[in-house]
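Heads up, the thing below is written out as structure tokens.
The values are calculated or read from the model by the stated rules, or taken from the named source; none is laboratory data. Because the structure is a prediction, the values reported are computed rather than measured. Methodologically, a virtual Cβ is constructed for each residue, glycine included, from the backbone with ideal geometry; neighbour enumeration extends over all protein chains shown. Keep in mind that these areas ignore ligands, DNA and RNA; they rest on the heavy atoms of the full protein, side chains included. Shrake-Rupley method; radii C 1.70, N 1.55, O 1.52, S 1.80 Å.
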Amino acid sequence: MASSGNKVEAGGTAHMVAALAKALREQKGYTQEELGKLIGYTASAISAMETCAQPASDKMLVKLEEVLGGGLGVFEKARKWMLLEKYPARFRGVAGLERGAVTISSYESFVIDGIFQTEPYAQALIRGGFPTVSDQKRDELVEARLARRALFDRDPAPMIELILEETVLRRPFGDWDIMRGQLRSLAADAQRENVCLQVLPLDRGLRGSHAGARGPMKLLVTEDHDHVVYMEIEDQGILVSDPPEVAQLAHRYAKIRSQALSPDDSLSLIERLAGEEP
């Protein structure tokens with residue numbers, strides 16, 4: 001359901017799309033109901049889009065391009081920027097870097113990395129978060145998160161590395177069926193040519209050294225070959241670009257990777273857990 005609060009939250013791209021769609025609709029002489037029928041939406045959905053009470057979804061932008069775009073590609077070009085606006089403010093900057101990154105290396109200690117999440121897992125994760133968000137905001141966040149999976153098939157493909165704490169594989173969200181589906185998807189992704197996935201064993205701390213004790217991080221090599229590190233602490237995003245600091249964090253990541261299971265052993269563990277009953 002559309003919310004008046006979304007008008008305040010909607011970004012510049014959403015407002016631009018709304019104004020352009022309304023102007024083009026009126027130029028063609030369509031009512032909101034007529035445009036809605038042409039693109040498969042209700043008149044109220046068109047109204048909500050035009051007032052930014054419910055900004056256009058990615059699917060709506062595709063339909064708007066077909067009916068109102070006139071070959072200019074304006075709604076098609078808006079898709080990337082609309083998705084960026086749907087990310088939490090703390091992540092928008094790094095999301096842009098991630099889209100064009102040459103290498104993405106992540107260490108996660110609590111949840112599956114967003115690039116690898118399935119829709120049911122992402123829905124359950126965001127629905128159960130605090131503070132709670134509206135159904136529409138949740139759907140926007142899920143849509144933006146799932147769009148990150150396009151990185152797997154981008155041309156040229158980035159190298160994507162992921163190290164997961166074993167506890168992440170054993171921590172369900174939603175229910176066990178959702179978790180098993182997530183693990184099966186993770187196992188499939190682990191076998192992609194541009195993916196390296198490793199698991200840091202649950203008993204790592206018993207061996208006298210656990211390099212991941214200070215929490216998750218994401219290392220990016222950008223398309224300009226700059227090296228940056230992104231971290232989150234209680235909804236605060238930190239982007240580190242100072243070379244000495246980046247180097248120190250990269251060394252820590254390398255140590256975490258050295259303490260993890262091999263990719264083959266990690267895949268075997270994920271497949272075994274995916275087949276287990278709770």
Extreme residue, surrounded by the most Cβ atoms within 10 Å (Cβ to Cβ), among residues of region 139-151 that are in contact with an Asp or Glu (Cβ under 8 Å, 6 or more places away or on another chain) and within 18 Å of Gln54 (Cα to Cα):
Val142
Would you mind stating whether Arg207 is farther than 22 Å from Leu97 by Cα and modelled with pLDDT of 95 or more?
no
Extreme residue, nearest to Lys80 (Cα to Cα), among residues of region 152-167 that are of a type in the set (A, V, I, L, M, F, W, C) and buried (at least 18 other Cβ atoms within 10 Å of the Cβ):
Ile160
Only helices (runs of 4 or more DSSP H) wholly contained in region 4-86 count here; list those with 1 or more residues that are closer than 22 Å to Arg138 by Cβ and aliphatic (A, V, I, L, M).
5-9, 12-28, 43-50, 58-68, 74-86
Which of the residues belonging to region 100-113 are open to solvent by 10 Å² or more (accessible area, probe 1.4 Å) and either among the aliphatic types (A, V, I, L, M) or at pLDDT below 95 (or both)?
Gly100, Val102, Val111
Could you please tell me which pairs satisfy a Cβ distance under 7 Å, a separation of 6+ or placement on different chains, a first residue in region 125-149 that is part of a loop (DSSP other than H, G, I, E, B), and a second residue that is at pLDDT below 90?
Ser134/Ser3
Hey, Leu97 of a type outside the set (D, E, K, R), surrounded by 15 or more Cβ atoms within 10 Å (Cβ to Cβ) and under 19 Å from Val228 (Cα atoms) or not
yes
Would region 128-138 turn up any residue that is touching a Lys or Arg at 6+ places or on another chain (Cβ under 8 Å), open to solvent by 50 Å² or more (accessible area, probe 1.4 Å) and farther than 21 Å from Ser57 by Cβ?
no
Quickly run through region 114-124 and pick out the residues that are under 11 Å from Met179 (Cβ atoms) and either modelled with pLDDT under 95 or part of a loop (DSSP other than H, G, I, E, B) (or both).
Thr118
Within region 191-231, the residues that are farther than 29 Å from Glu271 by Cα and among the acidic types (Asp, Glu) are Glu223, Asp224, Asp226
Single residue of region 243-263 satisfying the filter (touching a strand residue (DSSP E or B) at 6+ places or on another chain (Cβ under 7 Å) and assigned to a helix (DSSP H, G or I)) that is farthest from Val229 (Cα to Cα)
Pro263
Over region 54-82, the set of residues over 18 Å from the mean Cα position of the chain (by Cα), closer than 16 Å to Gly40 by Cβ and open to solvent by 30 Å² or more (accessible area, probe 1.4 Å) is Gln54, Val62, Lys63, Glu65, Glu66, Val67
Just give me the residues in region 216-231 being open to solvent by 20 Å² or more (accessible area, probe 1.4 Å), in contact (Cβ under 8 Å) with a residue 60 or more places away in the chain and not in a strand (DSSP E or B), in sequence order.
Pro216, Glu223, His225
What number goes with the only condition from (1) of a type outside the set (Gly, Ala, Ser); (2) touching a residue at least 60 places away in the same chain (Cβ under 8 Å); (3) surrounded by 12 or more Cβ atoms within 10 Å (Cβ to Cβ); (4) over 22 Å from Arg204 (Cα atoms) that Arg257 does not pass?
(4)
